[in-house]
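> Mind looking over this structure? Questions follow.
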Amino acid sequence: MKFWLKIFWPVFILFTCAFYAGIFLTAQFSYKNSLNTSREQAFAQHKFIAASLSKDLDAISGRTEGEERQKAVLSLVEYYVETYENQTTSIQLFQGGKSLNDIPQNLPMSDTLKTPSDSRRSVVLGDGDRQYIAVTGTVQNDYVLIYAYDITQLVGAQKRLIKALLLSCIIIELITTVLLYFLIKYLTKPIKTLQDATSRIAAGEYGVRAEVRGNDEIAALASQFNGMAAEVSARIEEQTQLSLARQQFIDNLAHELKTPLTAIYSNAELLQTTKFSDDDLIDATSQIMRQTNRIQDMSKKLLDIALNRKLKIEKKPVDLKSLFQKIKEEMSPTFNQKGLDLILCCDADFIFGDASLIENLLVNLLDNAVKASKTKGTIYLSSRRRKDSVVIELRDQGIGIRKEQLNSIFEPFYRTDFARAKSSERGGAGLGLALCKQIADLHGAEIKVQSVPGKGTTFTLIFTTPQQLNENSMTA
Ligand code: ADP
């Protein structure tokens, strides 16, 4: 059963019962009230007639005897009937259970009424068409006086009242039912709206939100539902992005592996199937070695990225001066090959982090700077302390990076057009900066890049973690 019907039916049934019970009780109460008034009047009248009759009977019994007395009593009864009977009242006098005057046909008198009793009492009599209140009481021990008061009109008025009330009840109930229907529909509409929104979200429309109207419990529920829906859709979006990124990663990896593997295979096939000169041999084996190096470099970086993902680094003071010096010495053959100069400037001596990861990061940045530089250029590696951070900067005078590519260079497998064009020569697969970013993130550091094509590129690392600050103050 629908929710609004679950409210409608009980309210309708309760309302109907209460309404009709109220009407019935009111009608009953007013009838009883009128009946009591009529009964009191009948009692009073009976009392008055009985007292007067008693006096007259006393007078007759003092004056007459035997048959003469009986005649006098009958003519007295006749006189009382003429005096007190009218359209709505009648009186009856009994002696020894026998009526001394005519009983109206429609007045059903029971024997108990005709029997003398100690006290005055009343009953409601009826013959179907007419209704009476009959008050009975003993007069002078021998006689029973019954005073009947016609209440047919009262009963008729009561019936008419009940009919009118019933008719108005039906009309009022019809109007109330229609109003109740619209009221419940209106009040339960937000639940229906909420239900529609839930169904649409379940069907995949994650942008749908429930309307929040007013500030009652349903409005609170709708707003909580919207919060939940936003959270769910954000999670789903996140998962979708993640799975897209994963798919992209796999596609890129497959693509990046295909090029060197094809080159290795075709050079090996060439050596196996053709007669080759010494120069051909050197060419083919050099190609094989270069491509193997490329795969090695790629797998090392991928492994590093994978391992770093689960790594919880233990931060210790890293002596930047010695680290810069060490890197310079280890990379000097690479620099010398291109006739490059590496200028070091170390104003901030320490940062707080993992020395080998920081070294990996700087080597990757320097490697890129070397690849991007023309021969006989200069590369600057410096560190300096700011008020609330330590900044490491690496500046080259190489080919630079175009503005629109700056946002993408930290994504795995992203390479600039220049690098892609010279892919086999440069050997990178676009993983170096992704690794650098990951290491910076692990240290809570920020990595920024600025570049002017044809003039050079500057990478800036900003270490600002609280531990970093402690270390700063420790070493200041
Ligand atoms: P790879 O591992 O192939 O070197 P990276 O992720 O390190 O790739 O770099 C991404 C892209 O950014 C590469 O195509 C590279 O050419 C370019 N890039 C990185 N550093 C510099 C730089 N200092 N100057 C110019 N281009 C750079």
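The values are calculated or read from the model by the stated rules, or taken from the named source; none is laboratory data. Note that the structure is predicted; figures quoted are calculated from it, not measured. When we count neighbours, we look across all protein chains shown, and the Cβ atoms used for this are built from the backbone with ideal geometry, even at glycine.
> From the list TYR206, TYR181, TYR186, pick out the single residue that is farther than 26 Å from LEU5 by Cβ and of a type in the set (Phe, Trp, Tyr). Talk me through it step by step, then tell me what you get.
Working: TYR181 fails: farther than 26 Å from LEU5 by Cβ; TYR186 fails: farther than 26 Å from LEU5 by Cβ.
Among TYR206, TYR181, TYR186, only TYR206 is farther than 26 Å from LEU5 by Cβ and of a type in the set (Phe, Trp, Tyr).
> Now for a different question. What pairs can you find where one residue is in segment 65-81 and farther than 21 Å from LYS47 by Cα, the other is in a helix (DSSP H, G or I), and their Cβ atoms are less than 7 Å apart, with a gap of 6+ or different chains?
Cβ pairs passing all conditions: ARG69/ILE60; ARG69/SER61; ALA72/ILE60.
> Output the number of the condition that ILE462 fails; it satisfies all remaining conditions of (1) at pLDDT 95 or above; (2) under 45 Å from the mean Cα position of the chain (by Cα); (3) within 7 Å of the ligand (Cβ to nearest atom).
With respect to (1) at pLDDT 95 or above; (2) under 45 Å from the mean Cα position of the chain (by Cα); (3) within 7 Å of the ligand (Cβ to nearest atom), ILE462 is out only on (3).
> How many residues are buried (at least 20 other Cβ atoms within 10 Å of the Cβ) and in contact with a Lys or Arg (Cβ under 7 Å, 6 or more places away or on another chain) if we restrict to segment 354-378?
2
> Among the candidates PRO317, PRO333, which residue alone is away from the ligand (no atom under 16 Å from the Cβ) and touching a residue at least 12 places away in the same chain (Cβ under 8 Å)?
On the way: PRO333 fails: touching a residue at least 12 places away in the same chain (Cβ under 8 Å).
After ruling out the rest, the residue left standing is PRO317.
> Would you confirm whether or not segment 306-314 contains a residue that is at pLDDT below 95, surrounded by fewer than 16 Cβ atoms within 10 Å (Cβ to Cβ) and touching a strand residue (DSSP E or B) at 6+ places or on another chain (Cβ under 8 Å)?
yes
> Additional query: Please tell me if ASN252 is assigned to a helix (DSSP H, G or I) and surrounded by 13 or more Cβ atoms within 10 Å (Cβ to Cβ). Give the steps one after another, and end with the answer.
Values: assigned to a helix (DSSP H, G or I): yes; surrounded by 13 or more Cβ atoms within 10 Å (Cβ to Cβ): yes.
For ASN252, the condition - assigned to a helix (DSSP H, G or I) and surrounded by 13 or more Cβ atoms within 10 Å (Cβ to Cβ) - is met.
> Hey, another quick one. Go through segment 122-160 and report how many residues are among the hydrophobic types (A, V, I, L, M, F, W, C) and either closer than 17 Å to PHE48 by Cβ or touching a Ser or Thr at 6+ places or on another chain (Cβ under 7 Å) (or both). It would help to see each step written out before you state the result.
Taking segment 122-160 as the starting set, the residues that turn out to be among the hydrophobic types (A, V, I, L, M, F, W, C) are 123-125, 133-135, 139, 144-146, 148, 151, 154-155, 157.
After this cut, where a residue has to be either closer than 17 Å to PHE48 by Cβ or touching a Ser or Thr at 6+ places or on another chain (Cβ under 7 Å) (or both) as well, the list is 133-135, 139, 144-146, 148, 151, 154.
Total meeting the criteria: 10.
> OK, next. Could you say whether any residue in segment 144-161 is loosely packed, with under 11 Cβ neighbours inside 10 Å and either touching a strand residue (DSSP E or B) at 6+ places or on another chain (Cβ under 9 Å) or farther than 30 Å from THR112 by Cβ (or both)?
Yes, the conditions are met somewhere in segment 144-161.
> What number of residues within segment 348-404 are among the aromatic types (Phe, Trp, Tyr), away from the ligand (no atom under 16 Å from the Cβ) and at pLDDT 90 or above?
0
> Would you mind finding the one in GLN287, GLN337 that is polar (S, T, N, Q), surrounded by fewer than 13 Cβ atoms within 10 Å (Cβ to Cβ) and either in a strand (DSSP E or B) or over 60 Å from the mean Cα position of the chain (by Cα) (or both)?
Of GLN287, GLN337, the one residue that is polar (S, T, N, Q), surrounded by fewer than 13 Cβ atoms within 10 Å (Cβ to Cβ) and either in a strand (DSSP E or B) or over 60 Å from the mean Cα position of the chain (by Cα) (or both) is GLN337.
> From the list SER408, SER451, pick out the single residue that is within 9 Å of the ligand (Cβ to nearest atom), polar (S, T, N, Q), modelled with pLDDT of 90 or more and part of a loop (DSSP other than H, G, I, E, B).
Details: SER451 fails: part of a loop (DSSP other than H, G, I, E, B).
One residue alone meets the criteria, SER408.
> A further question on this structure: Restricting the search to segment 380-408, which residues are of a type outside the set (Ser, Thr, Tyr), closer than 25 Å to THR464 by Cα and surrounded by 22 or more Cβ atoms within 10 Å (Cβ to Cβ)?
Result: LEU381, VAL390, ILE392, ASP396.
> Checking LYS312 against (1) touching a residue at least 12 places away in the same chain (Cβ under 8 Å); (2) in a loop (DSSP other than H, G, I, E, B); (3) among the basic types (Lys, Arg), which single condition isn't satisfied?
For LYS312, the failing item is (1).
> Within segment 73-96, track down each residue that is closer than 17 Å to VAL144 by Cα and part of a helix (DSSP H, G or I).
VAL73, LEU74, SER75, LEU76, VAL77, GLU78, TYR79, TYR80, VAL81, TYR84
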